[in-house]
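The block underneath contains the structure these notes are about, expressed in structure tokens.
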Amino acid sequence: MPHKLIADLKEGDAVQQYFMVRQSDRGTTKEGKPFLSLVLGDKSGALVARVWEKVLAQCPGPFPQGDNVFIQAQVESYKGELQLKVNSIISVETLQSQGKDLRHYDPELLCQATPYDRQNLWQELWHLAETQIGPPLGELVLRVLERYREEFLVCPAALRYHHPYLGGLLEHTWFVTRHALASLSIYPELNRDLVLAGAILHDLGKVKELANPQAPERTVPGHLLGHIVLGWEMVRSEAQAVGFSDSILLVQLEHIILSHHGSMEFGSPILPKTREALVVNFLDDLDAKLKMMSQHLESDTGAGDFTGYNRALQRDLYKGGPPAAGDPDLDREPGK
């Protein structure tokens, strides 16, 4: 049976196909019965799946994160969002060892990635740093981008909440930087070099916080330090290596990185205390929230004018209004 994308699944569909395991957690019900909670993905998105006790006894797994699996399941709706009730699950590795026919198995279909051309996004960021940020910040940004180019091209922006896919960090950074350029045209009194450098480097630490872009997971430094501290450390280390000439300017850039979550409640050790830091904080939050809204609207299949409640956004969303025309920028080359 040909693969049906998650984005095209509907309540009541019977599914017999391959998925990638993006998250895998074992738990017990109130009655003490074991179950497996999975997040399964393909290139169009992700879907929660439940493997209950009887099926789990026949298909014990372990089905770790990053595993590709073949499942038979029913698409159900729970609180307005689709999920899979799994009737059978087996890993591709097991099927291969058994010599089974895998004619419909295409691993490229199972990896979600940014819809944008990553090379184009990267070239635009590089060109912007090269032409729009003066010395000494421009040279520092270019050195950092060059050092972490390969990681930046594939790293997701988060485990789950926004841009949680291959190239997600690059996409998010590109959007925040585009917002920053627009803001600079409205507020010319801002330090242009600081705003653009901060927009490009604010989430740099995620290349060390997150691993395995196809099924993101936190590294040990990611768990113990987090991307804010890691990013600050990476930028400071690079600046020291080149003998950065303006210590006060460097501290202001470091402040943008350390304060870009806006409050200690959300992980920043300091509140934004400069206009440039405040701009990057709000633009980062704006792009993340808009992506989270889009993802929630796309995943909700319930009836009515409003989605189910989203815990991360702490609200339901209105589904009405004229249909979106789509993002015309998806078909253009960045910078044009």
Checklist entry - Looking at the range 81-117, which of the residues that are open to solvent by 80 Å² or more (accessible area, probe 1.4 Å) and within 20 Å of the chain's Cα centre (by Cα) is nearest to His296 (Cα to Cα)? => result Pro115
Next on the checklist: Could you check the range 213-241 and list, in sequence order, the residues that are outside any helix (DSSP H, G or I) and either open to solvent by 60 Å² or more (accessible area, probe 1.4 Å) or aromatic (Phe, Trp, Tyr) (or both)?
Outcome noted: Gln214, Glu217, Arg218, Leu225
Next on the checklist: Based on this model, can you work out whether Pro135 counts as more than 19 Å from Arg192 (Cβ to Cβ) and in a loop (DSSP other than H, G, I, E, B)?
Outcome noted: no
Checklist outcome for this item: The correct count of residues that are open to solvent by 40 Å² or more (accessible area, probe 1.4 Å) and not basic (Lys, Arg) in the range 285-322 is 21
Item to check | Glu265 vs. criteria modelled with pLDDT under 95, open to solvent by 50 Å² or more (accessible area, probe 1.4 Å) and not in a loop (DSSP other than H, G, I, E, B) | outcome: yes
Next on the checklist: Here's a check for you: in the range 72-130, which residue that is assigned to a strand (DSSP E or B) and β-branched (Val, Ile, Thr) is nearest to Ser37 (Cα to Cα)?
Outcome noted: Val86
Checklist outcome for this item: Across (1) within 16 Å of the chain's Cα centre (by Cα); (2) modelled with pLDDT under 95, Asp300 clears everything bar (1)
Checklist entry - Given the residues Gly12, Gly27, Gly61, which is the only one that is open to solvent by less than 50 Å² (accessible area, probe 1.4 Å) and either part of a strand (DSSP E or B) or among the aromatic types (Phe, Trp, Tyr) (or both)? => result Gly27
Checklist entry - Of the residues that make up the range 137-151, is at least one crowded, with 24+ Cβ neighbours inside 10 Å and in contact with a strand residue (DSSP E or B) (Cβ under 7 Å, 6 or more places away or on another chain)? => result no
Next on the checklist: Looking at the range 183-205, I want the residues that are over 20 Å from Pro135 (Cβ atoms) and have a partner that is among the β-branched types (Val, Ile, Thr) and at pLDDT 95 or above with Cβ atoms under 6 Å, at least 6 apart or on another chain. Which pairs are those?
Outcome noted: Ser183/Val279; His202/Ile257; His202/Val280
Checklist entry - Tell me, which residue of the range 242-255 that is in a loop (DSSP other than H, G, I, E, B) and of a type outside the set (Ser, Thr, Tyr) is surrounded by the most Cβ atoms within 10 Å (Cβ to Cβ)? => result Phe244
Item to check | Single condition Gln23 does not satisfy, out of (1) over 24 Å from Asp300 (Cβ atoms); (2) in contact (Cβ under 8 Å) with a residue 60 or more places away in the chain | outcome: (1)
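The values are calculated or read from the model by the stated rules, or taken from the named source; none is laboratory data. No experiment lies behind these values; they were computed from the predicted model shown. For neighbour counting, all protein chains shown are included, and Cβ atoms are generated from backbone atoms with ideal geometry for every residue, glycine included. Only protein heavy atoms, including side chains, enter the accessible area calculation; ligands, DNA and RNA are left aside. Shrake-Rupley method; radii C 1.70, N 1.55, O 1.52, S 1.80 Å.
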